[in-house]
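K.L.:
Sending over a structure as structure tokens; questions will come in a sec.
The values are calculated or read from the model by the stated rules, or taken from the named source; none is laboratory data. Bear in mind that the values here come from a model prediction, so they are computed numbers and not experimental data. Neighbour counts run over all protein chains shown; Cβ positions are idealised from the backbone, glycine included.
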Amino acid sequence: MFLRSKKIIVVMLISIMIFSCRNIDNKTVKYKDINFQIPSSWQSEALNDVDGLLVINSVSEEAWQANVFFEFRRDSENRSLKQSLSDLSRSLKEQKKNFQRILADEFELDNGINVGRLEYTHQIDHIQLHSWELIFRLNGRTRLFVAASAESSLWERDRQVFDKIIQSINVD
């Protein structure tokens, strides 16, 4: 009888912990015409000088804070995702030190939004970074650019957070 009661209590405690943590792990961020979920320990800040939103891990590890940057742009040429990725890759190769393209592809979010993704590594000062540049074609010629970066040594861990943020994007 005692062993059975102990098992029930353990199961109840685990259930309570899982249920209570599920709701505090994330918070919703709204930026212009989109909203998305970020870990509750992360922070967001509007950057008026570049008209964008920076989302950062509040914990700085080694020399870099994992971050995601959101920016709306207008594409006057109304390029396809494939062409936009090609143009972006050429531009980043000129701008980023030690730029190495890993992949350029298109995929669909769980909510049906098509996204172009450029994955690459590069270096800022002495820091080796792994990054994504994502392009969302929205209404008309409006594009949402999302840039995510983390230290290369922490990419696999931070990429999981980036995946969750990206998959949670909803367009109003």
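K.L.:
Which of the residues belonging to segment 64-77 are surrounded by 12 or more Cβ atoms within 10 Å (Cβ to Cβ), touching a residue at least 12 places away in the same chain (Cβ under 8 Å) and not basic (Lys, Arg)?
P.N.:
Result: Trp64, Ala66, Asn67, Val68, Phe69, Phe70, Glu71, Phe72, Asp75.
K.L.:
Could you check how many residues of segment 48-63 are assigned to a strand (DSSP E or B) and touching a residue at least 40 places away in the same chain (Cβ under 8 Å)?
P.N.:
Result for segment 48-63: 3.
K.L.:
Out of the strands (runs of 3 or more DSSP E) lying entirely within segment 74-172, which hold 1 or more residues that are at positive phi and at pLDDT 95 or above?
P.N.:
97-108
K.L.:
Further question on the same structure: For segment 83-104, state whether one or more residues are within 25 Å of Thr28 (Cβ to Cβ), touching a strand residue (DSSP E or B) at 6+ places or on another chain (Cβ under 8 Å) and either in contact (Cβ under 8 Å) with a residue 12 or more places away in the chain or loosely packed, with under 14 Cβ neighbours inside 10 Å (or both).
P.N.:
no
K.L.:
Please name all residue pairs, on different chains or six or more residues apart, with Cβ atoms under 7 Å, provided the first residue is in segment 147-159 and is without any contact (Cβ under 8 Å) to a residue 40 or more places away in the chain and the second residue is part of a strand (DSSP E or B).
P.N.:
Ser152/Thr121; Ser152/Gln128; Ser152/Leu129; Ser152/His130; Trp155/His130
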